[in-house]
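First comes the structure, then the notes that go with it.
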Ligand code: MN
């Protein structure tokens, strides 16, 4: 049986969720998608489902992505899961702040469709 890579994407923008789901499900790799439209929903799903990797939008209303990442790092059941930030704003992705919050790295938007699945696989290999 093929080992599925379960990816949770936390993102308030529906179009981005649809795009990322399409890219990953169309790739040759066994990705399975979980999605959340807010940080709070994402944290709940992460704790319940324990995905293999979390893609985190940084800019979300109410609770932002870095706060959500720090929260995930505080729970024993989610602290080992790699969190990859997704952001259109390079300033916001400031590496120091992103890593300090507990992210494993970040991927810029717009997403490079050709290399995105491989990038995700590298983060899966490297861990949190
Ligand atoms: Mn957003």
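All of the numbers you see were taken from the coordinates with simple rules; none came from a lab. Since this is a predicted model, take the numbers as computed values, not measurements. Backbone-built Cβ (ideal geometry, glycine too); neighbour counts: all protein chains shown.
Considering only the Cα atoms of the chain, their convex hull presents on average a projected area of 7.2 nm².
At an R0 of 41 angstrom, the distance between the Cβ atoms of residue 118 and residue 62 translates into a FRET efficiency of 0.80. Dividing the mean sequence gap of close Cα pairs (under 8 Å, 6+ apart) by how many residues the chain holds gives a relative contact order of 23 percent.
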